1. Any idea which of Thr43, Thr72 is under 17 Å from Asp14 (Cβ atoms) and polar (S, T, N, Q)?
2. Being of a type in the set (Asp, Glu) and part of a strand (DSSP E or B) narrows it down to one residue among Glu94, Glu75, Glu109; which is it?
3. Restricting to the stretch 51-69, count the residues that are within 23 Å of Val30 (Cβ to Cβ), among the hydrophobic types (A, V, I, L, M, F, W, C) and in a loop (DSSP other than H, G, I, E, B).
4. I'd like to verify a number: residues in the stretch 49-87 that are more than 12 Å from the chain's Cα centre (by Cα), of a type outside the set (Lys, Arg) and open to solvent by 70 Å² or more (accessible area, probe 1.4 Å), how many?
Amino acid sequence: MDVTIHSSFLPHDDPDAALAFYRDVLGFEVRLDVGYGDLRWITVGPVGQPSTAIVLHPPAVDPGITDQERQTVREMMAKGTFAGLNLAAADLDETFDRLQASGVEVVQEPIDQPYGLRDCAIRDPAGNLIRIQQSRGA
């Protein structure tokens, strides 16, 4: 079996802020930017990895979601507990220094984890937790 990750979805509540973060801070390329009314779906991905993407989408727009569920999603996003993403970097400390200099919200500075990784954590403009990891062997 040959199964890969094609795309992951993260909610955003401000498309311009999301675009600036993923494109300008993380250096991802924009693959699609699709609007429908006042909503936008923005697909970004790492340069040189065209088969891997993140779709930044408006939160809770599924017609099957109740108003109460929609409110819960918004509350969880505001707390930063709704969604997250794990990324990898060849040089975590250099990456963290660049991110910190750009003014991102730092949740955790780089540390060695007992499970064999070195990682840090930041939040994107919507509050999504972004962990950036580096193998100890790298």
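1. Of the residues listed, the single one that is under 17 Å from Asp14 (Cβ atoms) and polar (S, T, N, Q) is Thr43.
2. Criteria check complete, one pass: Glu109.
3. 1
4. The total comes to 12.
The values are calculated or read from the model by the stated rules, or taken from the named source; none is laboratory data. Treat the numbers as computed from the prediction; the structure is a model and nothing was measured. In this analysis, Cβ positions are derived from the backbone assuming ideal geometry, glycine residues included, and neighbour counts consider all displayed protein chains. Accessible surface is based on the protein model in full, side chains and every heavy atom, while ligands, DNA and RNA are left aside. Shrake-Rupley method; radii C 1.70, N 1.55, O 1.52, S 1.80 Å.
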